[in-house]
Each structure stands twice: as structure tokens, then as C-alpha cells.
Amino acid sequence: MIHDLINFKNISRQEWQQLHRHSPNLLTSDELEALRSLNDHIELEDVKDIYLPLINLINIYKKSVDDLAFSKSLFLKDQLNKRPFIIGISGSVAVGKSTTSRLLQLLLSRTHPECKVEMVTTDGFLYPNQTLIDKGILERKGFPESYDMPRLLHFLDTIKNGRKVDIPIYSHEIYDIIPNTVLSLEAPDFLIVEGINVFQNPQNERLYIADYFDFSIYIDAHTEHIEKWYLERFSKLLLIAQKDTTNYYHRFTKLTKQEALGIAKHTWESINLVNLKHYIEPSRSRADIILHKSLNHKIDEIYLKK
């Protein structure tokens, strides 16, 4: 076993799918297709075998958190305040974090129809491109120093305490923060926070983003598989951007396919792979559960923290 996973129990897909195998499906094929990310592959079989048992595990954690909060309020003779149950989801670029996040949001909404389930991505806490240019780190976009960590921590602290907060919105189409636009978020019952950096906070050694999570997930895969998915996704983004001159990727449609893929491969090797190896992957042991994907995007192994 890899050294940083010695505190995890390894569970095969076959073992995992035996857990709560009689749980009913909570969505249709069309709904699943609608929430699937570009170039990600997921089937109803995956929902039944992997994600429904995962929802049951999240419910166990939720009950434990609620029971502890109730007991602490009795101990302190204090009022019991409603706080959101926060789920962190991390992993490499192009590994399928967004699909997992949207799927869990929908499944939790179906499992808890009385609850409000929200999802945010930490992309919104990237510094605007102009700020990155002023700092001289535009080529480091996605690395820890490119995020406004104090603002992200303030958001989590505010929402954890049940208060309303405004957060920036990031657009992949313009490859930047949308100017003068915010998302107003009321404290939900469940909050899913998705991003490559959700287990990191090198700007504050005393506090990690993960300190605010009640449950956390890392999406894992072999590096060569993630690179393949990244290049496939890049090709599909070019197709989408062909007729949209405002799309960031439109500039690459003027190149030959070989030239464009050459740029994508260089970006992967010089930025995304370096970020993965130095910052993202080393943080995976902070997760409560690791979902490992095979080449066909199917989850083949699960690592559950002991």
C-alpha cells in the first residue's frame, strides 16, 4: 500500500457494492446525463454500486455530527445552533470532481427532500487574471498562491456559523472571475465544496480549509489516465469554442489540431502535473474516503479512513 494510505482500509468495488445494495435508484439516465461533466463517463450502475452506499455513509457521519452538536450544547448549557454539514471534494484537474459533486448534490436532495443542498467550487476564489498578472504569477494559476485563501476561509467560517455570504463567480468560458458579479448563499443544510485546493492552506499553517469539513472525498486515478482525460477534454472544449469568439479557448481553434494539442500537453506537463504532484496529491490523506478511478472512469477501489 502507498505510504500515505496506511491509515485507510482498502475496499474493492465488488466489496463496496454489497453495502446497501437494495437501495433504490434515485435518478434517471437522463438526469445522470445532464449532470455529467464534459468527457466524464458515469452510468446508473455506478450510482447504484458506488454512490448510494456513499450516501448512506454520509448519513452516518451526518448523524454523528448532529449527535455531537446536541451533546455539546447540553454540556455547555448553550443553545443548539443549526450549522450546515460541509462536504469537501478534491482531486486533480479533469479527474471528475464536478460530476461527483453534482451527483452527490442531487442524491442528497432526493434522500433529504426537506433539506437545502448547495454546491460551490473554489474556482470562484481564484484571484482575477489581472491580479495574477500584477503579482507575476499568471502562469501559476491553480497553484496555492493563486487563490485568495483568506476570502475562502472567511466564506467557510461565515457559512459554518449559519450566516449569509456573497462569493465571487468564476467562468471557464472567459477563464476569469466574472466582474461585479457574486453569488449570495444562505446557509444550507448540506454544502458541497469542490476544488483542487480544498485540503490545502499553505498561507496559514494554523488553519486548513479541511478543518471546516464534516466529510471529505478525494477523487484519485493514475497520472497517465488523468493526462489522457485532460487532453480529451481540451479537444472537446475546442469544438465548443469554434463559433464563440468570446470563449477563452476560441484562440486555439485557429491552430492546427496538432499544434493545439501540443499546447495542451505542455500545459499539462508544466502546470497541472506539477501542481498535482507537489500540492494536490500530497493532500489526499486528509480525506475521509478516496475513490480511485480506472482508465474507463469507473471507480475500482475505495479507501476509507480507519
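Worth a mention:
- Pairwise centroid distance, computed over Cα atoms, of the range 83-104 with the range 137-202, Å: 14 Å
- Lys/Arg +1, Asp/Glu -1 at C-beta; the chain dipole; positive extreme among Gly136, Ile89, Ser29: Ile89
- Shape of the range 167-282, Cα gyration tensor, a/c cut at 1.5: oblate
- Net charge contributed by nearby residues that have their C-beta within less than 13 Å of His266 (K/R +1, D/E -1): -3
- For the range 205-245, a crude dipole built from +1 on the beta carbon of Lys and Arg and -1 on the beta carbon of Asp and Glu, taken about the Cα centre, is about 300 debye to the nearest 20.
- Straight-distance crosslink candidates among lysines, where the alpha carbon sits under 21 Å from Lys277 and sequence neighbours closer than 8 are dropped: Lys97, Lys141, Lys228, Lys265, Lys293
- GNM flexibility winner over the chain from Leu183, Leu35, Leu276 (Cα, springs under 10 Å): Leu183
- Measuring between alpha carbons in the structure, the pairs from Lys82/Lys164; Lys236/Lys257; Lys62/Lys298 lying more than 23 angstrom apart are Lys62/Lys298.
- Considering only the range 177-306, percent of DSSP beta bridges that pair antiparallel, nearest 5: 50 percent
- Positive-pole candidate from Ile192, Ile177, Trp229, dipole of the chain, charges at beta carbon: Ile192
- The chain, relative contact order [Cα under 8 Å, separation at least 6], %: 26 percent
- Choice from Ser37, Ser146, Ser270 with maximal GNM fluctuation in the chain (Cα, 10 Å cutoff): Ser270
- Only Lys, Arg (+1) and Asp, Glu (-1) charged, at Cβ; the chain dipole about Cα centre in debye: 280 debye
- Gaussian network model of the chain, Cα within-10 Å springs - most flexible of Thr100, Thr121, Thr28: Thr28
- Relative contact order [Cα under 8 Å, 6+ residues apart], the range 238-306, whole percent: 15 percent
- Packing-based order for 245-256, 84-95, using average beta carbon neighbours within 10 Å, highest first: 84-95, 245-256
- Filtered GluC sites (Glu not before Pro), the range 98-159: DSSP coil and at most 12 other beta carbons within 10 Å: Glu114
- Under Karplus coefficients 6.51, -1.76 and 1.60, residue-wise ³J(HN,Hα) of the range 146-153 in Hz, glycine/proline x: 8, 9, 7, 4, x, 5, 5, 5
- Here the range 8-305 carries DSSP beta bridges of which approximately 45% are antiparallel, counting only pairs with both residues inside.
- Charge tally in the Cβ shell below 15 Å around Gln242, where Lys, Arg are +1 and Asp, Glu are -1, Gln242 excluded: +3
- The range 226-252 versus the range 275-306: alpha-carbon centroid distance in Å: 26 Å
- Positive minus negative residues near Phe125 (Lys, Arg vs Asp, Glu; Cβ under 11 Å): -1
All of the numbers you see were taken from the coordinates with simple rules; none came from a lab. Bear in mind that the values here come from a model prediction, so they are computed numbers and not experimental data. We place every Cβ from the backbone using ideal geometry, glycine too, and count neighbours over all the protein chains shown.
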